[in-house]
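Some notes on the structure that comes next.
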Amino acid sequence: MRLLSLGRALPDRRVDNHSVFNAPAIFDYDAIAIDPEGVFMRIRELLDASASHTTHADTQVVNGGAGEAIAASEVLRRRHDEFVRALERGALVVVFMHSQAMITGVSGFPGIDRYFFLPAPPGLAWDAELIRWGEGTSVAVSDPAHPFTRYVDAVRDDVLYRAWFEERARGFADHAHVFARSAGGAPVGVEFQVLGGSVVFLPAPRTHGGDAGRAQATAIVGAVEEHLGRSGGDRPPWADREPVPGLDEREAEVERARELVRRAEEQRDGAEAEADPLRRVRDVLWTEGTHALLPAARRCLELLGFAVRDIDDVPVLQADGTRIELEVEGSEATVGMAAHYRLRTRLDARIEAEGSAPRGLIVVNGERMQAPDRREEPYAEALRVAAEATSYALLPAPELFNAARAALAGADDETLGAIRERIVSVNGLVDLSDLLGEGAS
């Protein structure tokens, strides 16, 4: 886990310390610490030109924007949007609390307050009515179970809180969880649920950097890890060298089990890869539509020796030099004339373009939720008559399934060739029972 800290340097290897201007995208972090006073200091430096600032990509930040530079107002507005996005995805934001203040003079962003970057819970605002000015050096834990009590303990002798919450403010009690108070009982350590994440306000410490800064950083990182349910960093190398009776044997068993699992997963994946096209054969009996029945019909036709491919985004069969326009239609009821009209349009287009009589095939799967031997009227009689009159083949899905099953069972090339020839040549209903033999259905 990495913690992003803005406006206050936290000396710890797990912390990325940046300014409000040069930080990477805030929503890329699960935890962010921010000192609003440090943020204001960087903005003041920009306004009075006492320091130069760039973005994370080294673009110059200026007040107003010119040429290849970027306007400070754009960066600051972007930071607000990034905090919103981070909280929406469940981030934890830790704020060193200060009283409200305003900065004027940022071109395009007049009247920036100290908490411009931070969204608030419904019905609350981070204004002077809620966050009151007040300074003190005595803070006590009021909820020992809260993860950030370790921070309060770590800075107990170095605290200088600069603000407190007015708990009588409307909406405070509905959203606030107080875990630390001043000696006089004012809330100075408070957590709020905001959007999908959490915002934790902490009493600010007096000291920056040095041993005190390292203690602050260690306590905050530990509290963040506990709050997010993360482990306490990487295990140090020396820990692996400490013997534990029986552990080596158990770890060897774990490794052997992992290897067995890996091999089993490979076998499963291989079996799935082989089973999936076979399942698709059976799907031709009960599915409908281009996303289910069409792939199943294609697989069955491929088993019979047809080449199936898409030409101009429509499926076409090819076998023995003949091109056949393919349509499929399925329904829980009797299949009507819709597939005929689609196929007729395609055939007419080919006649107009080529001047020859093209072939067509409709795979029909009516009454698809009934077992094949219980289907009474899977296709309309008008569809059969239209197939004969228009010179295309009408192939019931159960007939196609039986043929594909015969191919899988080892039907010889002569039989498969005869099946293809019948599908290619018949006008109207295709009957393959004599070619498949008794028991095929």
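Structural remarks
- Some residue of region 40-57 being touching a residue at least 24 places away in the same chain (Cβ under 8 Å), of a type in the set (Gly, Ala, Ser), over 30 Å from GLY229 (Cα atoms) and out of contact with any His (no Cβ under 9 Å at 6 or more places or on another chain): no
- Selection of region 313-341 for residues being assigned to a helix (DSSP H, G or I) and surrounded by 15 or more Cβ atoms within 10 Å (Cβ to Cβ) yields ALA339, HIS340.
- From the options ARG132, ARG162, residue that is out of contact with any His (no Cβ under 9 Å at 6 or more places or on another chain) and within 20 Å of ASP35 (Cα to Cα): ARG132
- Taking region 369-420 as the range and being acidic (Asp, Glu) and touching a helix residue (DSSP H, G or I) at 6+ places or on another chain (Cβ under 9 Å) as the test, the residues that pass are ASP373, GLU399.
- Residue list for region 198-215, filter: buried (at least 21 other Cβ atoms within 10 Å of the Cβ) and in contact with an Asp or Glu (Cβ under 8 Å, 6 or more places away or on another chain): VAL199, VAL200, PHE201, ALA204, PRO205
- Some residue of region 292-304 being surrounded by 13 or more Cβ atoms within 10 Å (Cβ to Cβ) and within 29 Å of the chain's Cα centre (by Cα): yes
- Set side by side, the residues VAL39, VAL106, VAL94 differ, and just one is under 30 Å from TRP133 (Cα atoms) and part of a helix (DSSP H, G or I), which is VAL39.
- Test: residue in region 228-236 that is touching a strand residue (DSSP E or B) at 6+ places or on another chain (Cβ under 9 Å) and either of a type in the set (A, V, I, L, M, F, W, C) or assigned to a strand (DSSP E or B) (or both): yes
This table checks each residue for (1) touching a residue at least 40 places away in the same chain (Cβ under 8 Å); (2) of a type in the set (Gly, Ala, Ser).
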{"position": "ASP240", "(1), (2)": "no, no"}
{"position": "ASP248", "(1), (2)": "no, no"}
{"position": "GLU255", "(1), (2)": "no, no"}
{"position": "ARG263", "(1), (2)": "no, no"}
{"position": "GLU266", "(1), (2)": "no, no"}
{"position": "ALA271", "(1), (2)": "no, yes"}
{"position": "THR287", "(1), (2)": "yes, no"}
{"position": "THR290", "(1), (2)": "no, no"}
{"position": "PRO295", "(1), (2)": "no, no"}
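- Out of ALA23, ALA51, ALA33, ALA9, one residue alone is of a type in the set (Gly, Ala, Ser), buried (at least 19 other Cβ atoms within 10 Å of the Cβ) and not in a strand (DSSP E or B). It is ALA23.
- Condition check for VAL364: over 16 Å from VAL426 (Cα atoms) and within 42 Å of the chain's Cα centre (by Cα): no
- Residue within region 89-103 that is free of Cβ contacts under 8 Å to residues at least 24 places away in the same chain and out of contact with any Phe, Trp or Tyr (no Cβ under 7 Å at 6 or more places or on another chain) present: yes
- Taken as a whole, the structure leaves GLU68 outside the set of residues that are in the same structural domain as HIS98 (by TED's automatic domain parsing), more than 18 Å from ASP113 (Cβ to Cβ) and in a helix (DSSP H, G or I).
- Taken together, the criteria place ALA403 among residues that are in contact (Cβ under 8 Å) with a residue 40 or more places away in the chain and either touching a Gly at 6+ places or on another chain (Cβ under 8 Å) or not in a loop (DSSP other than H, G, I, E, B) (or both).
- Single match in ALA128, ALA120, ALA86, ALA140 (criterion: outside any strand (DSSP E or B), assigned by TED's automatic domain parsing to the domain that holds GLU45, without any contact (Cβ under 8 Å) to a residue 60 or more places away in the chain and among the aliphatic types (A, V, I, L, M)): ALA128
- Filter result (more than 16 Å from GLU325 (Cβ to Cβ) and in a strand (DSSP E or B)) within region 347-400: ASN365, TYR379, PRO396
The values are calculated or read from the model by the stated rules, or taken from the named source; none is laboratory data. The shown structure was predicted, so the numbers you read here are calculated from the model rather than taken from an experiment. Virtual Cβ from ideal backbone geometry, glycine too; neighbours counted across all protein chains shown.
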